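Okay, so here's the structure we're looking at.
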Amino acid sequence: MGQDSIKLEVKNMTKKFGDLHVLDDITFNVKKGEFLCIVGPTGCGKTTFLNCLTHIYETTEGSILLDGEEVDLEKHNIAYILQEYSAYPWLTVQENIQFGLEIKGYPKDEIIKKAEATMKLVGLERFKDYYPNKLSTSMLQRVVIARTFATDPELLLMDEPYGQLDIELRFRLEDELIRIWQETDTTVIFITHNIEEAVYLAERILVLTNKPTTIKEEVLCDLPRPRDVTSPEFIKIRDKVTELIKWW
């Protein structure tokens, strides 16, 4: 990995809440445009991990650099998608997607142009005047994804966004996410407790240990897309990650 291809550089990230030692000396890099998944045992601090990356929590020790500069939410364009669907109920689909652009002060004509392009990307053009209470779960998540990608984030963090969905819907949204990621070349860090989901999405998986959490191993996922969850190669990686996550 050449130095010029590194988007995010995490050095010795450590987080303690009083006597509780959650993250322990975590060091890794993320390449520009990479899709990285994070997995680990339940309660290992995966969400704390993301919150430290954005400085929502200040780290106890270590540095987090984006394009060589310390992460600053006022300067850097970082987006965060959570498990809950955060479409604003009082805004239409188009107004929801335009919201982030308006907050960032884009010119009006550019806001409309970007919103229309993003709605087309996720297949929501026909629903642009709908309110969230008229949308399916799948469409609600598309609105959130479209609103996020419309602002061209430098780094997209996703915290188990599909955790509550059934398998068929989850696969559809995962495929959509991969398609948008490939078209936009956004750098993505995706946290999940679902090992199969991680292998399906990721170019690389970081497997975390139990608390105090550190990186147990990196697993490369260089499988062709679209991925076949029944292929021997897929099953081999899935089984390897499953074995690594067993900490008891």
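Read-outs: derived from the displayed coordinates by stated rules, not from any lab. These numbers come from a predicted model, not from an experiment. Cβ: placed from backbone, ideal geometry, glycine included. Neighbour counts: every protein chain shown.
Taking every Cα-Cα distance in the stretch 90-152 and sorting them into 10 Å bins starting at zero, the pair-distance distribution P(r) comes out as 26, 59, 15, 0 percent. Quick check: the angle from helix 93-103's long axis to the longest principal axis of the chain, C-alpha only, nearest 10 degrees? That helix lies at roughly 70 degrees to the long axis.
Think of each Lys and Arg Cβ as +1 and each Asp and Glu Cβ as -1; about the Cα centre, that makes the dipole of the stretch 90-152 roughly 160 debye. Have a look at ASN133, ASN51, ASN210 and tell me which one the Gaussian network model of the chain (Cα, springs below 10 Å) gives the largest fluctuation. Looking only at ASN133, ASN51, ASN210, the biggest GNM fluctuation is shown by ASN133. Which listed residue (LEU65, SER138, MET158) has the Cα farthest towards the positive end of the charge dipole for the stretch 53-162, taking +1 on Lys and Arg C-beta and -1 on Asp and Glu C-beta about the Cα centre? With unit charges placed on the Cβ atoms, the residue in question is SER138. In order along the stretch 149-159, the phi-based Karplus estimate (6.51 cos²θ - 1.76 cosθ + 1.60, θ = phi - 60°) of 3J(HN,Hα) comes to 5, 4, 8, 6, x, 5, 9, 10, 10, 10, 10 Hz; Gly and Pro are listed as x. Of the listed values (i) 1.02; (ii) 0.97; (iii) 1.79, identify the label whose number matches Cα Rg over 2.2 N^0.38 Å calculated from this model. Read-out taken from this structure: (i). Net charge dipole, the chain: roughly 460 debye, given to the nearest 20, about the Cα centre with Cβ charges of +1 for Lys and Arg and -1 for Asp and Glu.
In the elastic network of the chain, a GNM with C-alpha springs shorter than 10 Å, the most mobile of VAL144, VAL71, VAL229 is VAL229.
Cut-off 19 Å, label point 7 angstrom out along Cα-to-Cβ of LYS31: give me the residues of the stretch 209-224 whose amide nitrogen falls inside. 217-224, by backbone N distance to the label point. Cross-link pairs exceeding 18 Å between alpha carbons, from the set LYS15/LYS211; LYS75/LYS104; LYS31/LYS120; LYS31/LYS216: LYS31/LYS120; LYS31/LYS216. Ordered by the number of other Cβ atoms lying within 10 Å of each residue's own Cβ, fewest first, TYR88, TYR200 fall into the sequence TYR88, TYR200.
Among LYS114, LYS46, LYS134, the largest mean-square fluctuation in a Gaussian network model of the chain, built with springs joining Cα atoms closer than 10 Å, belongs to LYS134. Ranking of GLU61, GLU168 by neighbouring Cβ atoms within 10 Å, starting from the fewest: GLU168, GLU61. With the simple model of a label 7 Å out from the Cα in the direction of the Cβ, SER86 to GLU74 spans 2.0 nm. If R0 equals 35 Å, the separation of the Cβ atoms of GLU168 and GLU217 corresponds to a calculated FRET efficiency of about 0.70.
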